[in-house]
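The values are calculated or read from the model by the stated rules, or taken from the named source; none is laboratory data. These numbers come from a predicted model, not from an experiment. Here the Cβ positions follow ideal geometry from the backbone for every residue, glycine too, while neighbour counts run over all protein chains shown. Just the protein is used for accessible areas: all its heavy atoms, side chains included, with ligands, DNA and RNA removed. Shrake-Rupley method; radii C 1.70, N 1.55, O 1.52, S 1.80 Å.
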Amino acid sequence: MQKNQAANLESMMQASKKSTAKFIAITSGKGGVGKSNISANLAYSLNKLGHKVGVFDADIGLANLDLIFGVKTKKNILHALKGQAEFKDILYEISKDLYLIPGDSGEEILKYSASNMLADFASEAAIWNLFDYVIVDTGAGISTLTQAFLQASDHIIVITTPEPSAKADAYAMLKVSAKFTNECMMIVNMANSQNQIQQVFATIANVAKQNIPNLSLSLLGGFEQNNAVKKAILHRKLICQSEPHNIFSLTMQDIAKSLVNKMEHNMLDTPKKSVGSFFKRLLGYL
């Protein structure tokens, strides 16, 4: 398995046209809104559209994408930062052209935020050139580390739910994001109906328009409450893979297509600098 993965990586590197990957941060103002599940399924859906996709678990201290993808990871980003593994050794192949870059579930990684090790890690641009898109699953809230990931990314998607505290925290996240970008996208999760999805977005968008006039906010889509999603998470399965015809999966396909369409038609700002500079940008913001 490991040999096949190494061969696939070598093949991807040889075939790479050195195109600049787009880093898409998926974030939320609070936990419990389904952010990581959306990150994983969005990455899978982008991959099914024919794109090479990396998923970076940047929810430092609470990293759990390995569980959502149903894979066992022996090494993660912390091993690479310590010099105990090369970056390519911590890439886990989920399926063809879809790779997980696992985070660490402890806080030891924060010790390396200003170290030369992270700078060395950042310089491994050849690996980043493998991807068309890199989904960055950030931590919830507005910590310094989360803000650094948002600022280093090319695009930001904020996840919220109809819960009042989630809406308030999503607005707070938009205020923070407006320091780094003039546009954000939003996904409303766990709604009771399509009307509620529109209402939640309209409420937040109206407040944002009044108080953050420089920010352009668009709705990528939304998901209603879905027991199949809960069951998939419980059984460590991606619902978009296990139940491709479920309404959640079909909606995610539409969101993935819409996101690609926005980027390919330059409806969103162009990526920041080169792909290898993502972590170098991150270093500058920590």
statement: Here FRET efficiency (C-beta to C-beta, VAL71 to LYS257, R₀ 30 Å, nearest 0.05) is 0.70
Order of exposure, largest accessible area first, which applies to TYR92, TYR99 with probe 1.4 Å: TYR92, TYR99
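To the nearest 0.05, what FRET efficiency results for ASP89 and HIS265 with a Förster distance of 41 Å applied to their C-beta separation?
Details: r = 37 Å, r/R0 = 0.90.
After rounding, the FRET efficiency stands at 0.65.
What is the sum of charges, Lys and Arg at +1 and Asp and Glu at -1, for the other residues whose Cβ falls under 10 Å from the Cβ of LYS52?
Working: positive: LYS96; negative: ASP97, ASP132.
Net charge in that neighbourhood comes out at -1.
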query: With a sphere of radius 9 Å drawn around the Cβ of LEU100, what net charge do the other residues whose Cβ falls strictly inside it have (Lys, Arg +1; Asp, Glu -1)?
result: -3
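Roughly speaking, what is the stretch gain from GLU163 to LYS179, that is 0.36 nm per residue apart minus the C-alpha to C-alpha distance, in nm to one decimal?
Values: separation 16, 0.36 × 16 = 5.76 nm, distance 2.52 nm.
Here the answer is 3.2 nm.
What's the local net charge at ILE204, with K and R +1, D and E -1, over the other residues with C-beta under 15 Å away?
Values: positive: LYS30, LYS167, LYS175, LYS209; negative: GLU163, ASP169, GLU183.
Charge balance near ILE204 sits at +1.
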- request: Compute the Cα gyration tensor for the stretch 143-237, then decide on rounded, prolate or oblate, letting a ≥ b ≥ c be the square roots of its eigenvalues: rounded whenever a/c is under 1.5, prolate when a/b is larger than b/c in the other cases, and oblate in all that remain.
  value: oblate
- line: Here the FRET efficiency for ASN211 versus SER242, based on Cβ atoms and R0 = 35 Å and rounded to 0.05, is 0.25
statement: The farthest towards the positive end of the charge dipole of the stretch 22-78, of the residues THR73, VAL33, LEU49, given +1 on Cβ of Lys and Arg and -1 on Cβ of Asp and Glu, is LEU49
